[in-house]
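Report on the structure given below.
None of the figures in this text is laboratory data; all of them are computed from the coordinates on show. Since the structure is predicted, the reported quantities are computational estimates derived from the model, not experimental observations.
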Amino acid sequence: MSRRCHHPCVARYDEFADWYAAWVDQVPAVVTDPDLGLIPPALDGQRWLDVACGAGRAARELARRGAGVLGLDVSEEMIERARAIEASEGLGIDYRAADVTQPKDWWDGQPFDGAVSEMAFMDIDDLEGTLAAVACVLRTGGSFLASLVHPCFPGNESGLSSWPPDKNYFVEGRWTSPDHNPDGVRLRVGSSHRTLSTYINSMVDVGLHLERIIEPSAPVPTLLLVSCRRVCE
């Protein structure tokens, strides 16, 4: 499927697709970092979903480990970049421009063994709908792993932050800042800030059981990784 998906994120990332692809081109996906051990090294015979896949960094690593992978993103520009890379690497990844919150538009009814979301929660407007869709398409016992900007800390020396500089941690919602890190993505596309409790409770509400939280070492924690498992039908 390659239809235009009318969603706020389309305009955000379509506009900056060239810049973003170059910005993260050589940066490995955090969620598939082998040192963290969140995803098994061998996924032969498994089906995995990459939610908000962008140009496919996480999807390609899953495919290299043997998984059959479907990558979804609302930005057709990002999907076209992912498809161009796929054409040259031939990993067998299926990329589609689609809204993950509408499984009827992209899901064939066969459950996935796992799903990932690489540094995308801050760009997802409908968190509850996204998590509900993930839980719907995962098999019972299937894994969901996400990496995101740490929601609990105001930033670091690079200007990274998860809530508006003029507000506080408990102010949820979408924001942009003209004074944000000029080398980063939040200045360009903004961010959807949520508290840690909102993230965790939203996962629990759809039957995703929290198994592990990882905060990669840094002077001020900037990243958060969450590992869940679907526990109910």
Fill in the blank from the handout: Once amide hydrogens are built 1.01 Å from N within the peptide plane, the residues lying 5 or more places from Y95 or on another chain with amide H under 5 Å from its amide H are G71
Problem - Rg [Å, one decimal], Dmax [Å, integer] - the range 55-158, C-alpha atoms - result: 14.4, 46
Fill in the blank from the handout: Binned at 5 Å starting from 0, the alpha-carbon pair-distance distribution of the range 99-156 in whole percents comes out as 4, 17, 26, 24, 14, 8, 4, 2, 1
Exercise for the section: Would you kindly state how much longer the chain becomes between E215 and C136 on full extension, computed as 0.36 nm times their sequence separation minus their alpha carbon distance, in nm to one decimal? Expected result: 25.7 nm
Practice task
Enumerate the calculated ³J(HN,Hα) couplings along the range 96-112 in order (Karplus 6.51 cos²θ - 1.76 cosθ + 1.60, θ = phi - 60°), each rounded to whole Hz, writing x wherever the residue is Gly or Pro.
Solution key: 9, 7, 7, 8, 4, 6, 10, x, 4, 7, 9, 9, 8, x, 8, x, 8
Handout entry: Calculated from backbone phi, Karplus (6.51, -1.76, 1.60) coupling profile of the range 118-127 in Hz, x at Gly/Pro
Key = 9, 6, 10, 4, 5, 9, 9, 6, 9, 5
Handout entry: Computed P(r) (all Cα pairs; the range 67-115; 5 Å bins; percent)
Key = 5, 21, 27, 24, 17, 6, 0
